[in-house]
Structure formats: C-alpha cells, structure tokens
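Asker: Let me begin by handing over the structure; questions about it come next.
The values are calculated or read from the model by the stated rules, or taken from the named source; none is laboratory data. All values reported here derive from a predicted model rather than from experimental measurement. We place every Cβ from the backbone using ideal geometry, glycine too, and count neighbours over all the protein chains shown.
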Ligand SMILES: *Cc1c(COP(=O)(O)O)cnc(C)c1O
C-alpha cells in the first residue's frame, strides 16, 4: 500500500510543529518509520490520507469505545453547536452529566469536570494535599497520570517509548515530593509510607495499568494499599482515565471491587472530545473552590459540546450493559487466537488482558510491573507493528501501550487480525 501522502504530510508538519506531532507517541519514534496521517474514521476503521483502511486497535487511545463517528454522539454535537459552543456560565446539561456519572460509578458523591486527564489528576493531587495538609505523593513506576510536573517521574509509556528517564523542566523540589515504587510491590509501599510517616498526602495508581502495556494488579495489592491509606490518613486516588467506563460502567472500582477516595476520569468520559473529571468523597471534594480554599478552575470546563458528547455516550453505556460483555468476548477471542498462533510458532510471550484492554509482551516471564514489561523483546513488537500496519491493522505504535478494543469491531475483524498476526510472524 502507498503511504506517500502521509510521508509528505509528515515532512511538512515538521516545519511548523515540534517533531511534526501534537503528542509525542504519535510520531512512531519507538517503532520507527513515518507516522500515518488520518483523514476520517467510521466504526472500527481508520482511513488515512492515501485512502488506506485500517482496523483500529487504539480507539483514539481509549475514548471511542463504541467506534468512530458514532451516530448518536455526532448528531448530539451537531445540534448542540447551533446553540453556542461555550457560555462560561452554568448549564443544566452539566448537572445532568454529573448526575449520570454519579449514578454509574461507586464512591463518587461530587464530581468536577475539567478538559483533560492530565488536568483531572493534577487537580486531584492538589486536592489531596490541601485536604490532608501533607506534601508527598506515591506513584508507581510505569504508571502515567498525565504530564503535570509531579507525575513525570518514572511515568510509563510516552517516556519509556522515547527512553526519557528524568525530565528537564521539572524541578528537583517537585520531583522530591514524588515517591515511586514498583507496581504490585505492596511491601515497598508499606516501607515508603513508614519512612515518610505523616508526610504522604496521596497514593495515586492506575488500578489496571495501561501505560506500560496492560498490567493487572495482583490479588490483594490494591486491597493492601486501601488498608495502608485508611491507617495513615492517605487519600487513595484511582486514576481511571483509561479504565473508567471501559472495564465496566463503574470502571475499575466496580470491576475489582476496591474503593477509592478520589477518582479521575478522561478518555471515554468525553467520547473523543477534550474532557476529564475528578470526583469522590463529599468531605474531600468540598475542599475545592468555591466551597473550600483549594483552587481549581477552567474557562472551558463543562463545555456544552464536550458535555453532550460524553453524556450521550455514557447514557448508552449505562442503558446497554451487554456492551461490556460483548467487548470482553471479542477481546478474549483475540487473546485466544493470538495464544494459538504464538504457541504454534514457539515464540515466548505473555498476554495480559482484562475487559477490553489487552497487550502482548514478547517474554516468557509473567509481566506484573514496568521492569518485566521493559525486559520483553520490543524489537519483535516493532516488527509485528509494521507488518500489521502494512496489512491494514493499526496497533498502538509502542510496545508499552495497551490495545483498546471498540465494540464496532466485528468478529470477522478479529479473525482477520489473528490471521494477519499469523502471517506476520
Ligand atoms: C491518558 C491518561 C492520562 C492523561 O490524560 P490526557 O487527557 O492525555 O491528559 C492520565 N492518566 C491515565 C491513566 C491515562 O491513560
């Protein structure tokens, strides 16, 4: 297939945009080659500038759980746009959105809308610090919580992809307040909390990690952190930007039955529009301005187009619970198919999967943390990535990213993908 137009566009993009992209992983640096420029998408298919079709396993990195250009969402946005694109004053739709979210997810009494996952996580940490009066936070190696300064310490995929260790521009002071441990290492969390007794405001985690590839919490890990947080007055923040409304209607909290104090959302919550949110226990959320003195604001927060897109999608997910079963069945079939292919070719591999999140690691060890993910054979992943791309299948362009299935994928798409993987390896 020809990708000449993408090649030309990338050359042109680099003259006016740093690296030619507005978010680093899009540049294909880790897998090599030129990024594909997209023109349109419908359902499970992406169409590039040259008119090539791809089966999509990114879904815009998660949001488009029912596929691209989902008609009810597109119609709702069109109708809303005629009534103005923004007011900078409250609207009834924002109440409806808040009520809908609270009716879907556990342990959220109050919720505040923002415009990205980064903003949601950054605000949740500020709130946790304001609420507890403490400064330090604990995060896990390989987890990504957006690009706010305090999170750019051992921060998963985007940085791992570019092999960035420390980030210029983040002061030593800020970095010193972020403590890190390995995912799934409960003893290390306990030790960090002991060593920093009375200083830890929050523990933030991806309850199912997707930014070092898909890595699942071991049984007891999240429950153990929950106990530590209760004992030490630490705010337990679930970053559900990726897992929220994807693993279940109530996200990872529902799927894994562990309770968070604060939860952050993004991606699916905006149906492809720029939306994030943070919410949780009333007592903590009441510390936010204008009720409390922890300041947080946004000119376009609760934007009507963003709200109607998210509201329409979430409503659908709430009323059609079978979507989650359907998504999980498709993902399990994909897993089973890849299992058979890799076994027959005697290639060492591990597949991690939960709900509609899945990754293949080319290693025979079990992958339970970033170290394990990093020890996998990424060269083989890169080869597979390019062969699949040439066969019209679009995977995340990094070995350190979860794949996201969308419900527009047909059984035939899944079979075609398995067959293409068979041919590629
Ligand atoms: C994508 C992501 C973010 C950041 O969200 P943006 O909307 O890109 O700012 C934060 N946390 C997790 C877990 C994510 O996957």
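Asker: Quick check on my filter: what residues within the range 30-55 are out of contact with any helix residue (DSSP H, G or I) (no Cβ under 9 Å at 6 or more places or on another chain) and within 25 Å of residue 240 (Cα to Cα)?
Answerer: If the condition is that a residue be out of contact with any helix residue (DSSP H, G or I) (no Cβ under 9 Å at 6 or more places or on another chain) and within 25 Å of residue 240 (Cα to Cα), then 43 is the only one that fits.
Asker: Step by step: first the residues of the range 241-250, then only those that are more than 11 Å from the ligand (Cβ to nearest atom) and surrounded by 24 or more Cβ atoms within 10 Å (Cβ to Cβ), then the one that is nearest to residue 102 (Cα to Cα). Which residue is that? First the steps, then the outcome.
Answerer: Pass one, the range 241-250, residues more than 11 Å from the ligand (Cβ to nearest atom): 245, 247-250.
Then drop every residue that is not surrounded by 24 or more Cβ atoms within 10 Å (Cβ to Cβ), which leaves 245, 247.
Numbers: 245: 12, 247: 17 Å.
Out of the qualifying residues, it is 245.
Asker: Related question: Got a number for residues in the range 126-152 being part of a helix (DSSP H, G or I) and away from the ligand (no atom under 12 Å from the Cβ)? Don't jump to the end; show me each part of the working.
Answerer: Step one: list which residues in the range 126-152 are part of a helix (DSSP H, G or I), which gives 126-132, 149-151.
Imposing the further condition that a residue be away from the ligand (no atom under 12 Å from the Cβ) reduces the set to 126-132, 149-150.
The number of residues fulfilling the criteria is 9.
Asker: List pairs: first in the range 253-268 and outside the structural domain of residue 106 (by TED's automatic domain parsing), second assigned to a strand (DSSP E or B) and away from the ligand (no atom under 11 Å from the Cβ), Cβ under 8 Å, 6+ apart or cross-chain?
Answerer: Qualifying pairs under 8 Å: none.
Asker: Only one of these conditions is not met by residue 116: (1) more than 16 Å from the ligand (Cβ to nearest atom); (2) surrounded by 18 or more Cβ atoms within 10 Å (Cβ to Cβ); (3) outside the structural domain of residue 11 (by TED's automatic domain parsing). Which number is it?
Answerer: Going through the list (1) more than 16 Å from the ligand (Cβ to nearest atom); (2) surrounded by 18 or more Cβ atoms within 10 Å (Cβ to Cβ); (3) outside the structural domain of residue 11 (by TED's automatic domain parsing), residue 116 breaks only (1).
Asker: Determine which member of the set 283, 316, 340, 328 is under 20 Å from residue 73 (Cβ atoms) and more than 16 Å from the ligand (Cβ to nearest atom).
Answerer: Numbers: 283 fails: under 20 Å from residue 73 (Cβ atoms); 340 fails: under 20 Å from residue 73 (Cβ atoms); 328 fails: under 20 Å from residue 73 (Cβ atoms).
Only one candidate qualifies: 316.
Asker: Still on this model: Within the range 252-280, how many residues are more than 10 Å from the ligand (Cβ to nearest atom) and at positive phi?
Answerer: 4
Asker: Do you know which residues across the range 366-379 are part of a helix (DSSP H, G or I) and either in contact (Cβ under 8 Å) with a residue 40 or more places away in the chain or within 18 Å of residue 154 (Cα to Cα) (or both)?
Answerer: As a first pass, look at the range 366-379 and keep what is part of a helix (DSSP H, G or I): 370-374, 378-379.
Those that are part of a helix (DSSP H, G or I) and either in contact (Cβ under 8 Å) with a residue 40 or more places away in the chain or within 18 Å of residue 154 (Cα to Cα) (or both): 370, 371, 372, 373, 374, 378.
Asker: Further, regarding this structure: Taking the conditions exactly as written (free of Cβ contacts under 8 Å to residues at least 60 places away in the same chain and either more than 16 Å from the ligand (Cβ to nearest atom) or closer than 29 Å to residue 327 by Cα (or both)), does residue 50 satisfy them or not? Let's see the steps before the verdict.
Answerer: Numbers: free of Cβ contacts under 8 Å to residues at least 60 places away in the same chain: yes; either more than 16 Å from the ligand (Cβ to nearest atom) or closer than 29 Å to residue 327 by Cα (or both): yes.
It is true that residue 50 is free of Cβ contacts under 8 Å to residues at least 60 places away in the same chain and either more than 16 Å from the ligand (Cβ to nearest atom) or closer than 29 Å to residue 327 by Cα (or both).
Asker: In the range 311-337, which residues are surrounded by 20 or more Cβ atoms within 10 Å (Cβ to Cβ) and in contact with a strand residue (DSSP E or B) (Cβ under 9 Å, 6 or more places away or on another chain)?
Answerer: Once the filter is applied, which keeps residues that are surrounded by 20 or more Cβ atoms within 10 Å (Cβ to Cβ) and in contact with a strand residue (DSSP E or B) (Cβ under 9 Å, 6 or more places away or on another chain), the range 311-337 yields 324, 331, 334.
Asker: Still on this structure, please answer the following. For the range 402-425: of the residues being assigned to a loop (DSSP other than H, G, I, E, B) and modelled with pLDDT of 95 or more, which is surrounded by the fewest Cβ atoms within 10 Å (Cβ to Cβ)?
Answerer: If we filter the range 402-425 for residues that are assigned to a loop (DSSP other than H, G, I, E, B), which is where we start, we get 402, 405-410, 425.
Within this subset, residues satisfying the condition of being modelled with pLDDT of 95 or more are 402, 405-410.
Working: 402: 29, 405: 26, 406: 24, 407: 22, 408: 21, 409: 25, 410: 13.
For the range 402-425, the residue satisfying everything is 410.
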